[in-house]
1. All but one of (1) surrounded by fewer than 15 Cβ atoms within 10 Å (Cβ to Cβ); (2) of a type in the set (Gly, Ala, Ser); (3) within 22 Å of MET206 (Cα to Cα) hold for SER135, so report the exception by its number.
2. Sort out which residues of the stretch 97-124 are farther than 18 Å from GLN186 by Cβ and either touching a helix residue (DSSP H, G or I) at 6+ places or on another chain (Cβ under 8 Å) or modelled with pLDDT of 95 or more (or both), and write them in order of number.
3. State whether one or more residues within the stretch 1-9 are in a strand (DSSP E or B), farther than 19 Å from HIS96 by Cβ, over 17 Å from the mean Cα position of the chain (by Cα) and among the hydrophobic types (A, V, I, L, M, F, W, C).
4. Taking GLY46 as the residue in question, decide whether it is under 26 Å from GLY94 (Cβ atoms), in contact with a Cys (Cβ under 6 Å, 6 or more places away or on another chain) and not hydroxyl-bearing (Ser, Thr, Tyr).
5. With the condition kept exactly as written, say whether any residue in the stretch 37-44 is farther than 23 Å from ARG210 by Cβ, touching a Ser or Thr at 6+ places or on another chain (Cβ under 9 Å) and assigned to a helix (DSSP H, G or I).
6. Count, please, the residues in the stretch 10-36 that happen to be in a strand (DSSP E or B), of a type in the set (Ser, Thr, Tyr) and closer than 28 Å to CYS153 by Cβ.
7. Answer yes if at least one residue in the stretch 166-182 is of a type in the set (Ser, Thr, Tyr), crowded, with 20+ Cβ neighbours inside 10 Å and either more than 22 Å from PRO45 (Cβ to Cβ) or under 15 Å from the mean Cα position of the chain (by Cα) (or both), and no otherwise.
Amino acid sequence: MQISIIDYGLGNLYSLLNAFMHCGVEAVITNDPQKLSKSDVLVLPGVGAFRDGMAKLKTLRIDKIIKDHVLKKKLILGICLGMQLLFKNSEEFGQHQGLGLIEGEVKYFTSLDSFDHQPKIPHIGWNEVKPIGRSHLTKNLNHKDMYFAHSLCVLTGKPEATLATASYGNIEFAVIIAKNNIIGCQFHPEKSSSGGLTFISNFIEMARKRI
């Protein structure tokens with residue numbers, strides 16, 4: 001199984017690589033088009049602004065590789081900004097189009113009518129993940145805390161795509177999403193200790209079953 005962590009200049013690449021190695025699989029960090037195209041699994045990490053992330057993906061022409069990968073029914077995992085880039089658009093620093101692989105949009109917490117403006121933004125720190133229903137991806141994640149660092153959340157156009165949520169102030173927001181072969185998590189599993197490794201292990205098991 002060839003797992004490639006996409007290097008487009010944004011992300012905790014080596015921490016993520018070490019997390020996969022800790023879970024018993026080898027991954028590579030690359031932006032080489034041939035390696036990415038041949039990969040069984042792509043991992044799209046990300047920290048920073050949505051606009052910058054999309055610009056870098058387009059400059060490297062990785063956006064097209066990701067879309068082709070998804071069309072071939074191969075698995076992709078987006079992490080934090082990487083998950084947000086999978087959606088149609090974001091309002092971060094203006095309106096910007098994403099990869100459009102999942103219906104929905106990315107909005108500031110402060111843009112939500114129901115947000116009570118009490119918690120500090122950005123949301124940085126540990127928060128409990130709450131699985132919804134049953135999914136292999138959320139196995140053994142009950143009462144697990146994950147590490148977050150973000151000011152925006154995803155609003156999926158299809159609620160059934162949300163596999164787990166977390167609460168910040170009075171807002172319940174999606175933290176694990178899935179649509180067929182497209183997976184995303186808002187937290188940083190590579191910084192989330194045992195909970196993050198459990199999530200990565202679940203993802204690896206899912207990947208092995210698909211190949």
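1. For SER135, the exception is condition (1).
2. Scanning the stretch 97-124 gives GLN97, GLY100, HIS117.
3. No, the stretch 1-9 contains no residue that is in a strand (DSSP E or B), farther than 19 Å from HIS96 by Cβ, over 17 Å from the mean Cα position of the chain (by Cα) and among the hydrophobic types (A, V, I, L, M, F, W, C).
4. Spelling it out, GLY46 is indeed under 26 Å from GLY94 (Cβ atoms), in contact with a Cys (Cβ under 6 Å, 6 or more places away or on another chain) and not hydroxyl-bearing (Ser, Thr, Tyr).
5. Looking through the stretch 37-44, none of the residues is farther than 23 Å from ARG210 by Cβ, touching a Ser or Thr at 6+ places or on another chain (Cβ under 9 Å) and assigned to a helix (DSSP H, G or I).
6. So the count comes out to 0.
7. Scanning the stretch 166-182, I find no residue that is of a type in the set (Ser, Thr, Tyr), crowded, with 20+ Cβ neighbours inside 10 Å and either more than 22 Å from PRO45 (Cβ to Cβ) or under 15 Å from the mean Cα position of the chain (by Cα) (or both), so the answer is no.
Yes/no matrix, rows are residues, columns are (1) crowded, with 21+ Cβ neighbours inside 10 Å; (2) within 12 Å of the chain's Cα centre (by Cα); (3) more than 18 Å from ILE79 (Cβ to Cβ); (4) of a type outside the set (A, V, I, L, M, F, W, C):
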{"residue": "LYS120", "(1), (2), (3), (4)": "no, no, yes, yes"}
{"residue": "LYS130", "(1), (2), (3), (4)": "no, no, yes, yes"}
{"residue": "ASN142", "(1), (2), (3), (4)": "no, no, yes, yes"}
{"residue": "ALA149", "(1), (2), (3), (4)": "no, no, no, no"}
{"residue": "ALA161", "(1), (2), (3), (4)": "no, no, no, no"}
{"residue": "HIS188", "(1), (2), (3), (4)": "yes, yes, no, yes"}
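The values are calculated or read from the model by the stated rules, or taken from the named source; none is laboratory data. Note that the structure is a prediction, hence the values are computed from the model and not measured. As a convention, Cβ positions derive from the backbone with ideal geometry for all residues, glycine included, and neighbour counts pool all protein chains shown.
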